[in-house]
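Q: Dropping a structure here in structure tokens format, bear with me for questions.
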Amino acid sequence: MTRNILLGLVAAGLLFSGTSRATQLITEDEAKLPPPKGAIAADRRGILRGPKVEFVSPGDAVASPLKLQLKFESFGGAKIDPDSVKVIFLRTPNVDLTPRVKPFVQADGINMQNAELPPGDYTMRVDIKDSDGRPGTAIFTLKVAPK
């Protein structure tokens, strides 16, 4: 009988561990911060050998929680340095989302399955570096629809 109880507890643990909880990417208070004034600078001068950040998903406006997926690409034999990844929510003042995203960062990109955000438009900047120290940046806007 003890064996059956133990097996039942293990099965229940496996069942509940498979359910992924949403991670709060942007809070209600952060969403209410004013947008930055003026243009957002993006350094895109000349031919660069630095790494590339590609925004993969979500596409158009989607309800939260959403799947946030970015792909990293390096060039010339260099590797992406996962510890260099910084994710910034562009507001006044800017909000550093790096600690919230860090568990989902890998050398090939960011794969955050259940990112929780209030409805609205959110401009984000992702900065990365490769093993040769070359920087790469991407700016994109997440559009979150009401539920």
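The values are calculated or read from the model by the stated rules, or taken from the named source; none is laboratory data. As the structure is a computational prediction, the values presented were derived from the model and not from experiment. Virtual Cβ from ideal backbone geometry, glycine too; neighbours counted across all protein chains shown. Keep in mind that these areas ignore ligands, DNA and RNA; they rest on the heavy atoms of the full protein, side chains included. Shrake-Rupley method; radii C 1.70, N 1.55, O 1.52, S 1.80 Å.
Q: Restricting the first residue to the range 105-130 and requiring it to be among the aromatic types (Phe, Trp, Tyr), which pairs with a second residue that is open to solvent by 40 Å² or more (accessible area, probe 1.4 Å) meet a Cβ separation below 9 Å and a spacing of at least six or different chains?
A: Pairs that qualify, where the first residue is among the aromatic types (Phe, Trp, Tyr) and the partner is open to solvent by 40 Å² or more (accessible area, probe 1.4 Å), are TYR122/THR141; TYR122/LYS143.
Q: Could I ask something else about it? Taking the residues in the range 89-111 that are of a type in the set (Val, Ile, Thr) and either surrounded by fewer than 15 Cβ atoms within 10 Å (Cβ to Cβ) or in contact with a helix residue (DSSP H, G or I) (Cβ under 8 Å, 6 or more places away or on another chain) (or both) as candidates, determine which candidate is nearest to PRO65 (Cα to Cα). Step through it out loud before you land on a result.
A: Applying the first criterion (of a type in the set (Val, Ile, Thr)) to the range 89-111 yields 92, 95, 98, 101, 105, 110.
Next, only the ones that are either surrounded by fewer than 15 Cβ atoms within 10 Å (Cβ to Cβ) or in contact with a helix residue (DSSP H, G or I) (Cβ under 8 Å, 6 or more places away or on another chain) (or both) stay: 92, 95, 98, 105, 110.
Working: THR92: 24, VAL95: 19, THR98: 18, VAL105: 18, ILE110: 16 Å.
Of everything passing the filter in the range 89-111, ILE110 is nearest to PRO65 (Cα to Cα).
Q: Moving on. Could you check how many residues of the range 112-147 are in contact with a helix residue (DSSP H, G or I) (Cβ under 6 Å, 6 or more places away or on another chain) and within 23 Å of PHE75 (Cβ to Cβ)?
A: Here is the first cut: in the range 112-147, the residues in contact with a helix residue (DSSP H, G or I) (Cβ under 6 Å, 6 or more places away or on another chain) are 112, 118, 120, 128-129.
Narrowing further to those that are within 23 Å of PHE75 (Cβ to Cβ): 128-129.
Qualifying residue count, the range 112-147: 2.
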